[in-house]
Amino acid sequence: MQHSSALIPAAQHAGLGWLQHIVAITAPIVGQQITWRARPADPGMLRAAAHLTVHLDLFVFVVLGRRG
C-alpha cells in the first residue's frame, strides 16, 4: 500500500472511484499457512530479508458518472 497515498487521489482526479483493494500473496502457501521463513545467517542478510516482497497490492477502480 506504499503508493496508495498518491495513487488513489490521482485516480479520483481522473474520474475513477476506488472499488477494492486485493492482496495477492506471492510467498509459498501450504494448506492455509504461509511457509516462507527468512533465516539469515548474518545481520547483512537480515536487513535484506526485511525487504523481501511476499505480496502484491492490486487496486480496482471504476469509472464514475457513466451509465452503459
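The residue pairs whose first member lies in segment 1-29 and is within 18 Å of L64 (Cβ to Cβ), whose second member is hydroxyl-bearing (S, T, Y), and whose beta carbons are closer than 9 Å, counting only pairs six or more residues apart or on different chains, are W18/S4; H21/S4.
If the condition is being exposed (fewer than 10 other Cβ atoms within 10 Å of the Cβ) and closer than 8 Å to F59 by Cβ, then segment 1-21 contributes only Q20.
Yes/no per residue for (1) modelled with pLDDT of 85 or more; (2) aromatic (F, W, Y); (3) assigned to a loop (DSSP other than H, G, I, E, B):
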| site | (1), (2), (3) |
| --- | --- |
| Q12 | yes, no, no |
| G17 | yes, no, no |
| H21 | yes, no, no |
| A41 | no, no, yes |
| L46 | no, no, no |
| L52 | no, no, yes |
| V62 | yes, no, no |
| R67 | no, no, yes |
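The values are calculated or read from the model by the stated rules, or taken from the named source; none is laboratory data. A quick note: this is a predicted structure, and the numbers were derived from the prediction, not measured. All Cβ positions, even for glycine, are placed from backbone atoms using ideal geometry, and neighbour counts span all protein chains on display.
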